[in-house]
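Asker: Pasting in a structure now, in structure tokens, and then I'll have a few things to ask.
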Amino acid sequence: VARRTGETYARWTPAFDERSSEQARLGAQIRHGLDTGQFQVVYQPIVRLPECRVVAVEALVRWRHPQRGLISPALFIPVAERNGLIVELGAWILETACERLARWTAELGPLAPDRVSVNVSARQLARSGFAASVAAVLARTGLAPHQLTVEVTETAVFEGGPAVAALHGLRALGVRIALDDFGTGHSSLGLLQSVPVDVLKIDKSFVDRVTEAGRHAVIAEAMMQVTSGLGLDAVAEGVETAEQAEVLHRLGYRLLQGYHFGRPAEEPDFTVRAVHA
Ligand code: C2E
Ligand code: CA
Ligand code: CA
Ligand code: CA
């Protein structure tokens with residue numbers, strides 16, 4: 001049972017995801033869940049130091065299955081990618097998140113976050129017309145392109161081809177592009193030469209051990225040097241303690257995300273929190 005978001009994901013038996021009949025059943029249930037409104041988008045704050053203002057939120061999908069309970073996206077997103085439903089699910093997530101930011105902007109004014117970050121899977125990105133569909137969502141919701149960040153993983157863009165072409169299309173629109181889970185792939189630095197990127201999201205696995213003496217802080221510092229040298233932003237993810245935030249701040253990180261600053265929620269608290277100076 002994974003503890004996340006202050007809620008507990010339902011228990012999953014290993015046999016479930018291994019059996020292909022179960023996969024097919026889960027796929028059909030995703031279809032049904034989409035049709036009956038079982039999916040929900042929650043938002044996790046991304047804060048800027050030193051004032052800890054919530055400058056952005058990351059949209060994260062949730063599946064509230066009526067029988068199985070809360071199911072982790074780490075389990076159902078791969079299934080939706082395999083059966084193609086990620087295209088429809090992903091389009092719904094994108095539209096929902098953009099609508100939500102537009103509403104916050106209208107209701108909260110300067111207290112609203114400036115940007116929303118949306119995870120986009122490889123299959124969504126590679127589909128022809130992806131950038132055009134993003135442009136249509138921006139037009140419908142009235143968001144400015146720079147208010148949207150698309151988060152992609154290294155593996156999604158590693159192969160090049162249509163996914164990279166889509167990123168150039170997004171870049172042309174003025175949408176920001178974040179490389180998610182940075183540092184965990186096989187060609188993190190190499191990718192930066194060929195792929196348009198604005199933000200590097202430093203994976204939690206580096207943040208977890210950044211307070212230990214030794215190599216972890218050195219790597220985190222080197223990633224910060226690459227980031228600033230290339231004129232990019234860095235977001236450190238999975239920050240759980242004040243101590244981690246402090247070390248990251250000292251290494252030059254200004255954008256932090258993690259349970260220490262706020263868990264994903266339907267209506268996150270946007271008030272400036274002096275959790276950390
Ligand atoms: P991710 O994009 O790397 O998202 C960060 C994950 O770390 C989220 O898990 C978030 O709740 C969790 N997290 C944030 N701060 C902390 C922390 O301080 N400690 C710990 N232990 N965890 C933290 P979540 O929401 O379960 O999502 C898991 C993965 O599922 C995401 O990883 C992403 O790859 C995928 N995913 C989630 N929502 C979407 C979506 O809307 N579309 C797509 N394509 N994938 C999604
Ligand atoms: Ca992400
Ligand atoms: Ca990530
Ligand atoms: Ca991750």
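Rule-based calculations on the coordinates, nothing more; no lab input. Quantities reported herein were computed from a predicted structural model and do not represent experimental measurements. When we count neighbours, we look across all protein chains shown, and the Cβ atoms used for this are built from the backbone with ideal geometry, even at glycine.
Asker: Search the structure for amide H atoms under 5 Å from the amide H of ARG53, placed 1.01 Å from N in the peptide plane, and list their residues when 5 or more places away or on another chain.
Answerer: ARG48
Asker: Check THR153: other-chain or 5+ apart residues with amide H under 5 Å from its amide H, H built from backbone geometry?
Answerer: Sorted by chain and number, the residues that satisfy this are ASP180.
Asker: Then there's this: For the chain, what does the relative contact order come out to in percent, with C-alpha contacts under 8 Å and a separation of six or more?
Answerer: Rounded, it is 20 percent for the chain.
Asker: Oh, and also: Skipping prolines and chain starts, which residues have an amide H placed within reach, meaning under 5 Å, of the one on SER72, given they are 5 or more residues away or on another chain?
Answerer: ALA10
Asker: Each residue of the range 119-132 in turn: what ³J(HN,Hα) in whole Hz from Karplus with 6.51, -1.76, 1.60 and θ = phi - 60°, glycine and Pro shown as x?
Answerer: Couplings: 6, 10, 7, 3, 5, 5, 5, 7, 6, 5, x, 4, 4, 5 Hz.
Asker: For the chain, rounded, prolate or oblate, judged on the Cα gyration tensor with a ≥ b ≥ c (square roots of eigenvalues), a/c < 1.5 rounded, else prolate if a/b > b/c?
Answerer: Rounded.
Asker: Shifting gears a bit: Starting from the Cα gyration tensor of the range 132-277, take the square roots of the eigenvalues, sort them a ≥ b ≥ c, and report rounded, prolate or oblate (rounded when a/c is under 1.5, otherwise prolate if a/b is larger than b/c, else oblate).
Answerer: In terms of gyration-tensor shape, oblate.
Asker: Okay, moving on. Counting other C-beta atoms within 10 Å, which of ILE93, ILE202 has the fewest, and how do the rest follow?
Answerer: Working: ILE93 22, ILE202 29.
Ordered by Cβ neighbours within 10 Å, fewest first: ILE93, ILE202.
Asker: Let me ask you something else. Restricting to DSSP H runs of at least four residues, report the calculated mean residue ellipticity at 222 nm for the chain, -39500 (n - 2.57) per run over all residues, nearest 500 deg cm²/dmol.
Answerer: When only DSSP H runs of four or more count, the value is -13500 deg cm²/dmol.
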